[in-house]
Amino acid sequence: MNIVHTIKDLQAGLTALRAQGKTVGLVPTMGALHAGHASLVKRCVAENDVAVVSVFVNPTQFNDKNDLAQYPRTLEADCQLLEACGVTFAFAPSVEEIYPEPDTRHFSYAPLDTVMEGAFRPGHFNGVCQVVSKLFDIVKPDRAYFGEKDFQQLAIIREMVRQMHFPLEIIGCPIVRETDGLALSSRNTRLSAEQRQQALRISQTLFESRDYAATHTVAETQKFVEDSIAAAQGLRLEYFELVDGNTLQKIAKWEDADYAVGCITVFCGEVRLIDNIKYKG
Ligand code: PAF
């Protein structure tokens, strides 16, 4: 595996391989890699001749400076995981390499990016689109892989690709969970052992709500989730929304959508965790 830090080195390597007719896959990450990332990376390696994984903690998508400072940075361990997965290039640029000058571009995909995370983290998706569009321009992948755990991010990136005519395929990959159900997240490393147990109620609540939803209305299911998280020790619900999985707009009745998803964000102590579950479709 080649570990490269500059756009020039990455593109030199890719140009040579592309000249041989090789296909290129990209997995954008912010590092602190876990088995969830590994599932995306393995799929990228399996489906493309050349696999590029970017490891870059993107400052423009953090609306909270503290969150940016606390974000785990584990490049050495990340490279070991990527090497074991068979990655061709680990691309670990500096902030100056990606943003030699401030990125003043504005991305707006309303109403996809104004709800849920977009409402609670102003500017977050603008930053995500800034960096992902730069990575697409730099790498020019045939395919790019994103996790369904960041459900809203995936929908917005699909829309960006559609509107900007990026000639690539976006592949969404299923959430990877611990055996007890907790969705894998780089942020889980910040949970104490006690918080790790408390956080488990998030996925448990979502699974229980899926059974509950089979015989209850959208409003009742909404209340079920809210009550369950309110009753759980150590958790504070930021939002839970039952949405149409394509438009991300709230649904009032199950018949309102062919594809219905519940998206949740919960604070466990200081750690902000997200998860989602499909109810229909
Ligand atoms: O999902 C993430 O880790 C980040 O938002 C991404 C897509 C790598 C952009 O920085």
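The values are calculated or read from the model by the stated rules, or taken from the named source; none is laboratory data. In this text, all values refer to a predicted model and were calculated from it rather than measured experimentally. Cβ placement follows ideal geometry from the backbone for every residue including glycine, while neighbour counts extend to all protein chains displayed. The area values use the complete protein model at the heavy-atom level, side chains included, leaving out ligands, DNA and RNA. Shrake-Rupley method; radii C 1.70, N 1.55, O 1.52, S 1.80 Å.
Quick notes on this one:
- Qualifying residues in region 69-109 (those that are at pLDDT below 95 and open to solvent by less than 50 Å² (accessible area, probe 1.4 Å)) - the one nearest to Gly31 (Cα to Cα): Pro72
- Qualifying residue in region 149-158 (condition: open to solvent by 10 Å² or more (accessible area, probe 1.4 Å) and away from the ligand (no atom under 16 Å from the Cβ)): no
- For region 170-212, a residue qualifies if it is within 16 Å of the ligand (Cβ to nearest atom) and outside any helix (DSSP H, G or I), and the qualifying residues are Ile170, Ile171, Gly172, Cys173, Pro174, Ile175, Val176, Ala183, Leu184, Ser185.
- Within region 131-148, the set of residues being more than 9 Å from the ligand (Cβ to nearest atom), over 16 Å from Cys44 (Cα atoms) and not small (Gly, Ala, Ser) comprises Lys134, Asp137, Ile138.
- Selection of region 54-81 for residues being farther than 19 Å from Ser94 by Cα, more than 18 Å from the chain's Cα centre (by Cα) and touching a residue at least 40 places away in the same chain (Cβ under 8 Å) yields only Leu81.
- Pick from region 19-32, criterion touching a residue at least 60 places away in the same chain (Cβ under 8 Å) and open to solvent by 10 Å² or more (accessible area, probe 1.4 Å), ranking: farthest from Ile98 (Cα to Cα): Thr23
- Verdict on Leu82 being over 30 Å from Asp244 (Cβ atoms) and touching a strand residue (DSSP E or B) at 6+ places or on another chain (Cβ under 9 Å): yes
- Residue ID - nearest to the ligand (Cβ to nearest atom), chosen from residues in region 110-120 that are of a type outside the set (Gly, Ala, Ser) and crowded, with 20+ Cβ neighbours inside 10 Å: Glu117
- Residue count for region 33-56 satisfying the condition of being away from the ligand (no atom under 13 Å from the Cβ), open to solvent by less than 20 Å² (accessible area, probe 1.4 Å) and of a type in the set (A, V, I, L, M): 3.
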